[in-house]
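Here the structure comes first, spelled out in structure tokens, and everything after it is commentary.
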Amino acid sequence: HLATLVSDDPKLRSYLERIHQSSQHLLSIINDILDFSKIEAGKMTLDTADFSLEQTLDNLLALLWDKADAKGLELLLDIDPSLPDKLNGDALRLGQILINFASNAVKFTEAGNVLVRACKLSETDSLVKLRFDVQDTGIGIPAEDFEQLFKPFHQLDSSSTRRFEGTGLGLTISKNLIELMAGELNIESEPGIGSTFSVELSLAKSAAPKEAQF
């Protein structure tokens, strides 16, 4: 990354960018394997802290923007305006779940759009129940294959590993993280039409005092 900032040679810069992209892909594989190992050993834990929901979702879009743009896909974000922005939970793991779903949506969509939506289902004085939807216009999944999606190192099509990069661990990890957060996962999909991965979670409201408005 640093070398690309000082290189003026287009050919060398192209080589450096390929190395950088490959290293990031390798890092994501290593992280998936480490997370899966933690889950298998029962050592996966959550770190809760106050976070901004809008910032978390903005970060997700920023990470996927280049890949979506390269495929000519529209990347959309829809946040329920009645949702409080400041919540308390594990923003890193929540982001990881949504990034896994959204990156798969981009990966398996050739035309159209990918929509990330956050809406409020219910609210109390201390908790908010939310639903996150990641909806695409991609290849879709037959209903009979839903359970196979969450098997470790599994691809629905044996040729998928060559056509679509991936370890087959992302959805397995996401499912386990959702269960760790006491959430619910739902899938709606139709081959040739697209898929929607939905997560329902209850998150605490931030206890921090609101900033004064001037």
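The values are calculated or read from the model by the stated rules, or taken from the named source; none is laboratory data. Remember, predicted model here, so these are calculated numbers, not experimental data. Here the Cβ positions follow ideal geometry from the backbone for every residue, glycine too, while neighbour counts run over all protein chains shown. Keep in mind that these areas ignore ligands, DNA and RNA; they rest on the heavy atoms of the full protein, side chains included. Shrake-Rupley method; radii C 1.70, N 1.55, O 1.52, S 1.80 Å.
Structural remarks
- Under 29 Å of direct C-alpha separation, and excluding same-chain neighbours fewer than eight residues apart, Lys71 reaches these lysines: Lys11, Lys107, Lys151, Lys175.
- Per residue accessible area of the chain, 1.4 Å probe, in Å²: 60 Å²
- The Glu123 and Ile30 beta-carbon pair, evaluated with R₀ = 35 Å, returns a calculated FRET efficiency of approximately 0.35.
- Kirkwood hydrodynamic radius (C-alpha pairs) into Stokes-Einstein, region 48-111, 20 °C and 1.002 mPa s, D in µm²/s: 170 µm²/s
- Straight-line reach from Lys86: taking Cα to Cα under 21 Å and skipping same-chain neighbours fewer than 8 places apart, the lysines in range are Lys120, Lys129, Lys205, Lys210.
- Gaussian network model of the chain, springs between alpha carbon atoms under 10 Å - residue of Arg13, Arg131, Arg117 with greatest fluctuation: Arg13
- Note on the chain: along the principal axes its Cα atoms extend 57, 49, 39 Å, ordered by decreasing extent.
- Across all directions, the average projected area of the convex hull around the alpha carbons of region 1-64 is 6.4 nm².
- Measuring nothing but how far apart in sequence close Cα pairs (under 8 Å, 6+ apart) lie, relative to its length, region 1-146 scores a relative contact order of 19 percent.
- Across region 123-140, coupling constants 3J(HN,Hα) worked out from phi with the 6.51/-1.76/1.60 Karplus curve, θ = phi - 60°, read 8, 10, 5, 10, 10, 10, 9, 10, 10, 10, 10, 10, 10, 10, 10, x, 6, x Hz, and Gly and Pro carry x.
- Accessible surface of the chain [probe 1.4 Å, protein heavy atoms]: carbon and sulfur percent: 53 percent
- For the chain, share of DSSP beta bridges that run antiparallel, in % to the nearest 5: 85 percent
- A Gaussian network model of the chain, with springs between Cα atoms under 10 Å, assigns the largest mean-square fluctuation among Leu26, Leu177, Leu16 to Leu16.
- Positive-end residue of Asn88, Ser103, Leu2, charge dipole of the chain with Cβ unit charges: Leu2
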